[in-house]
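The block underneath contains the structure these notes are about, expressed in structure tokens.
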Amino acid sequence: KMPTGDIEVKAETAEILNSSKKLPFELKDFVKKSEALRMQYRYLDLRSFPLQHNLRLRSQVVMRMREFLCNLHGFVDVETPTLFKRTPGGAKEFLVPSREAGKFYSLPQSPQQFKQLLMVGGLDRYFQVARCYRDEGSRPDRQPEFTQIDIEMSFVDQAGIQRLIEGLLQYSWPEERGSITAPFPSMTYEEALADYGTDKPDTRFGMKIVDLSDLLGRWNTQFVQDALSYPHGAVRAICIPQGVRYLKNKDLQSLKESAKSQFNQEIVEIICRPDGSLKSLLTKFLGEKQQSELIQVLNMQVDDVVLLAAGEHKQVCSALGSLRLGSADLLEAAGLVLRDPAAFHFLWVVDFPLFLPKEENSTELESAHHPFTAPHPSDAHLLYSHPTKVRSQHYDLVLNGCEVGGGSIRIHSAELQRFVLEKVLKEDSEVLSHLLQALEFGAPPHGGIALGLDRLISLIVDAPSIRDVIAFPKSFRGRDLMGNAPDYVTPEELEPYHIQVSWPLEEKEAKQN
């Protein structure tokens with residue numbers, strides 16, 4: 001009756017191949033272990049069933065992806081260098097010293113430039129299981145090195161890339177997770193922001209943001225009129241089902257405080273009492289007819305709680321989007337199931353802005369994604385007069401509220417690429433002279449996408465962190481706790497690279513002691 005019971009073994013002799021010290025923790029799944037201890041002894045943690053299952057499933061998914069791309073669609077698997085040079089814009093890159101004084105390599109945050117150069121070289125269907133590097137510090141659930149399924153094609157449009165990726169995911173999707181249907185739904189960036197307050201909406205549950213600007217704008221309420229006087233003024237709200245029953249006062253208070261601290265956004269709550277009347281600071285400004293209209297527009301039921309925000313459109317939507325997810329977490333913690341853990345809701349988000357104002361200086365622009373993204377054909381003429389109004393040919397793939405992929409149709413004209421770099425972004429185009437030169441030699445129209453493999457697998461297996469689908473991950477602070485990396489090197493080892501370490505005073509004293 002045992003799982004191994006098909007074969008009966010009778011041992012005549014036994015030879016011990018190796019002995020084991022007492023383990024630092026029990027390998028049983030139900031034994032709680034600190035993550036630091038698990039990562040220090042990762043080779044032991046790998047023996048646990050969840051990690052064994054996750055890594056084997058990851059291997060199967062990658063193998064199916066290779067089959068689909070290479071065998072069925074004629075893609076070529078090409079390895080690109082990991083020692084390259086700094087790329088303008090995007091994430092911060094790791095530097096690698098060279099033996100030439102003052103000169104450094106960069107570890108690429110993606111093979112972006114190389115895959116575009118492969119299109120110029122006539123390898124018109126490229127893919128790679130690519131290692132990528134980003135020096136993002138201690139950002140939660142991020143890794144300094146990660147893996148993406150990197151894809152680029154010539155003579156393709158946005159719809160062509162999307163259909164390919166839908167087919168790729170259907171083909172490689174694990175049987176144990178059911179099936180996924182294609183084509184995936186699509187929504188614009190503006191729609192996502194207006195309805196969900198984010199560019200990566202979790203569409204497994206409702207609680208959409210409701211626009212109350214027209215309704216409340218008709219009523220002569222002072223704080224509403226003040227909000228609508230903004231250049232992009234808006235009044236919006238979300239309705240939390242059964243909020244009175246499932247949320248405590250302290251929960252509502254923490255939601256309002258998070259909107260204030262993260263988005264500088266004030267929130268007004270409205271509660272629907274058992275007799276159908278409303279309880280709120282707002283009701284003293286509203287008559288019975290207006291309250292009735294508000295209940296109807298928000299589709300409020302008894303014990304529902306509405307969170308209302310007024311102010312600048314993007315700030316209001318972002319705050320409510322964050323509250324939507326926060327209140328869903330609280331409702332589920334209290335026992336109300338909103339998001340089916342077995343459901344997989346894919347979504348394409350399209351028509352992003354091509355440029356955004358820089359946070360540190362709003363008069364300057366930066367690429368919303370990267371400087372190689374092509375403008376939307378309908379908006380190309382605006383590039384020279386109103387660049388902030390130009391939409392891009394960028395597309396993100398979202399799964400259950402997490403971004404699992406992003407790509408774009410690229411600029412294939414050297415003249416247009418130089419204009420974007422020099423005139424719009426005010427970047428030194430000399431850094432990208434090799435790419436600009438390549439585009440001058442008859443570069444074909446091309447586009448691509450990269451899927452975040454770690455994030456995708458973690459969602460498929462419902463892992464709490466991407467560290468649970470990586471064999472040897474780094475800690476929250478980017479450290480390898482098993483091998484104790486990064487580590488110090490001696491001045492003699494640094495000498496060939498013309499580098500000296502300038503120690504902060506307290507560290508210098510600590511080393512001397």
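Once backbone amide H atoms are built at 1.01 Å from N, Arg410 has Ala374, His446, Gly447, Gly448 as its partners under 5 Å, excluding neighbours fewer than 5 places away on the same chain. Helical content alone sets the calculated 222 nm signal of the chain at -8500 deg cm²/dmol, taking -39,500 (n - 2.57) per DSSP H segment of four or more residues and averaging over every residue.
Stretching Leu23 away from Glu257 to a fully extended chain increases their span by 79.7 nm, per 0.36 nm per residue minus the current alpha-carbon distance. Applying the Karplus relation 6.51 cos²θ - 1.76 cosθ + 1.60 with θ = phi - 60° to region 55-63 yields 3J(HN,Hα) values of 6, 5, 5, 4, 4, 5, 4, 5, 4 Hz, where x marks Gly and Pro.
Remark: the chain carries 55 Å² of accessible area per residue (probe radius 1.4 Å; ligands, DNA and RNA excluded). The HN-Hα couplings worked out from phi for region 249-262 by the Karplus form 6.51 cos²θ - 1.76 cosθ + 1.60 (θ = phi - 60°) are 4, 5, 5, 4, 5, 5, 5, 5, 5, 5, 5, 5, 6, 8 Hz, whole numbers, x standing for Gly and Pro.
Dimensions of the chain along the principal axes, based on C-alpha atoms and rounded to the nearest Å, stand at 84, 71, 62, largest first. Between Ala471 and Ser229, the C-beta separation translates, for a Förster distance of 56 Å, into a calculated FRET efficiency of about 0.50.
Going down the list Lys389/Lys426; Lys200/Lys256; Lys92/Lys208; Lys200/Lys260; Lys28/Lys248; Lys92/Lys358, which pairs span over 26 Å between their C-alpha atoms? Result: Lys92/Lys208; Lys28/Lys248 exceed 26 Å.
Among beta bridges identified by DSSP and lying wholly in region 205-334, the antiparallel ones come to about 100 percent. Oblate is the label for region 205-334, because a/c, from the alpha-carbon gyration tensor with a ≥ b ≥ c as root eigenvalues, is 1.5 or above and a/b does not exceed b/c. Modelled label positions at Leu95 and Val297, each set 7 Å beyond Cα in the direction of Cβ, lie 5.5 nm from each other. Cα centroid separation, region 370-402 to region 301-319: 28 Å.
Protein heavy-atom surface of region 205-334, 1.4 angstrom probe: 48% of the accessible area is carbon and sulfur, with nucleic acids and ligands not counted. What does the C-alpha gyration tensor say about the overall shape of region 279-386? Classify as rounded when a/c is under 1.5, otherwise prolate if a/b is larger than b/c, or oblate. Prolate is the answer for region 279-386, as a/c is 1.5 or above and a/b outweighs b/c. Across the chain, the relative contact order, built from alpha-carbon pairs under 8 Å that are at least six residues apart, equals 18 percent. Taking region 194-225 and a reference point 7 angstrom along Cα→Cβ of Asp462, no backbone N atom is nearer than 11 Å. Of the solvent-accessible surface of region 371-488, computed with a 1.4 Å probe over protein heavy atoms with every protein chain present, carbon and sulfur atoms account for 53 percent.
A Cβ-based charge dipole, computed about the Cα centre of the chain with Lys and Arg at +1 and Asp and Glu at -1, lands at about 900 debye. About its Cα centre, the dipole of region 269-384 is roughly 280 debye, where the only charges are +1 on Lys and Arg Cβ and -1 on Asp and Glu Cβ. Compared with the direct C-alpha span, the chain from Val489 to Phe84 gains 143.5 nm at full extension, assuming 0.36 nm per residue. Let me make sure I get this right: for region 220-280, a, b and c are the square roots of the gyration tensor eigenvalues over alpha carbons, sorted descending. Under 1.5 in a/c it's rounded, otherwise prolate if a/b > b/c, else oblate. Which is it? Because a/c hits 1.5 or more and a/b fails to exceed b/c, region 220-280 counts as oblate.
Using the average count of surrounding beta-carbon atoms within 10 Å as a protection proxy, the listed peptides 327-334, 399-406, 255-262, 281-288 rank, highest first, as 399-406, 327-334, 255-262, 281-288.
The values are calculated or read from the model by the stated rules, or taken from the named source; none is laboratory data. Note that this is a predicted model, so its numbers are computed, not measured. Backbone-built Cβ (ideal geometry, glycine too); neighbour counts: all protein chains shown. When the accessible area is computed, the model is the full protein with side chains, heavy atoms only, and any ligands, DNA or RNA have been set aside. Shrake-Rupley method; radii C 1.70, N 1.55, O 1.52, S 1.80 Å.
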